[in-house]
Structures are given as C-alpha cells and as structure tokens.
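All remarks here apply to the structure that follows.
The values are calculated or read from the model by the stated rules, or taken from the named source; none is laboratory data. Note that the coordinates shown come from a computational prediction; the quantities given were computed from them, not determined experimentally. Ideal geometry is used to build each Cβ from the backbone, glycine not excepted, and the neighbour counts take in all protein chains shown. The protein model used for the area step is the full one, side chains on, heavy atoms only, and it has no ligands, DNA or RNA in it. Shrake-Rupley method; radii C 1.70, N 1.55, O 1.52, S 1.80 Å.
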Amino acid sequence: QVQLVESGGGLVQAGGSLRLSCAASGRTFSSNTMGWFRQAPGKEREFVAAISWGGGVRNYADFVKGRFTISRDNAKNTVYLQMNSLKPEDTAVYYCAVRSYSTSTHSYDYDYWGQGTQVTVSS
C-alpha cells in the first residue's frame with residue numbers, strides 16, 4: 001500500500017500562486033510516475049500534470065502549460081505542483097496519484113490516490 005497526502009491548497013485571488021505538495025509513504029515503487037489531477041464540481045476528473053521518476057519526462061494538460069510546473073524530490077518521496085497565474089476556472093479539488101510505469105494522462109492508469117486538496121481561485 002502507498003499513502004499519498006496532499007497539502008498546500010487554499011483560497012487565492014486570480015493571478016496569484018499556490019504550491020501543492022504530495023508526500024508518499026508506505027510501499028514505494030523503485031521507479032514510478034507521479035501525477036496531478038483535478039476535479040471541479042459537476043465535472044469529471046481531469047489530468048493536470050505528470051512527472052517520471054527521474055524528472056526527465058513531464059507532461060502537462062494544455063490548459064496549464066506555461067503556468068504550472070511539476071517537480072519531485074525523490075529523497076523526500078514528494079511531488080510538487082507550482083501553480084502561477086491562477087484563474088477562477090482552476091478552482092477544483094486537486095489530487096495526486098502514483099503509478100509504477102511510464103507517464104500517463106489517464107486516471108485509470110494510476111494505482112494510488114491521495115484524498116485531495118481544495119484550490120479556490122476568486123475573481
């Protein structure tokens with residue numbers, strides 16, 4: 001079992017920034033992809049970003065390119081999502097997830113999920 005705990009969410013004005021963190025514990029894979037997804041009220045969960053074990057492969061959803069940056073610290077088993085230039089439409093619960101293979105943009109490819117952290121962007 002892998003436990004994932006997100007933190008760093010909150011309320012921010014449009015144009016502001018937040019940094020989300022996701023700490024993994026328990027049974028960690030020797031190499032894994034970590035990803036961020038989000039779900040707004042009444043909408044399906046959608047892919048935000050993913051990063052490979054070594055950080056050499058990073059995938060982003062088109063709507064966050066140039067604004068969000070995913071990174072990881074393997075020594076701390078932690079993945080980060082730096083979110084800049086936030087917009088009201090970024091309001092959602094943000095989830096981190098882990099899978100044991102290469103990066104994927106599909107939620108069904110991920111094996112473990114955190115409980116989510118709320119991000120609210122006011123206009």
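Exposed loop sites, defined as chymotrypsin sites (Phe, Trp or Tyr not before Pro) outside DSSP H, G, I, E and B with at most 16 other Cβ atoms within 10 Å, are absent from the longest region of the chain, namely 30-100.
For the stretch 1-43, the equivalent ellipsoid built from the Cα gyration tensor has semi-axes of 26, 13, 10 Å, listed from largest to smallest. Extension gain, residue 107 to residue 3, is 35.8 nm, computed as 0.36 nm per intervening residue step minus the present C-alpha separation. The accessible surface of the chain, taken with every protein chain in place and a 1.4 Å probe, is 46 percent carbon and sulfur. Each part reduced to its alpha carbon centroid, the stretch 44-67 and the stretch 106-123 end up 13 Å apart.
A 1.4 Å probe, protein heavy atoms only, puts the accessible area of residue 85 near 60 Å².
A quarter of the convex hull surface defined by the alpha-carbon atoms of the chain gives 6.8 nm² as the mean projection. Gaussian network model of the chain, Cα springs within a sub-10 Å range: biggest mean-square fluctuation belongs to which of 12, 57, 98? Its mean-square fluctuation being the largest, the pick is 57. Whole-Hz Karplus values for the stretch 7-12 come out as 7, x, x, x, 9, 9 Hz, taken residue by residue from phi with 6.51 cos²θ - 1.76 cosθ + 1.60 and θ = phi - 60°; glycine and proline positions read x. For the stretch 45-117, report the % of Cα-Cα distances exceeding 16 Å. The proportion of pairs with Cα distances above 16 Å equals 49 percent. Which FRET efficiency value, to the nearest 0.05, is calculated for residue 25 and residue 87 with the Förster distance at 41 angstrom and r the Cβ-Cβ distance? Approximately 0.80, to the nearest 0.05.
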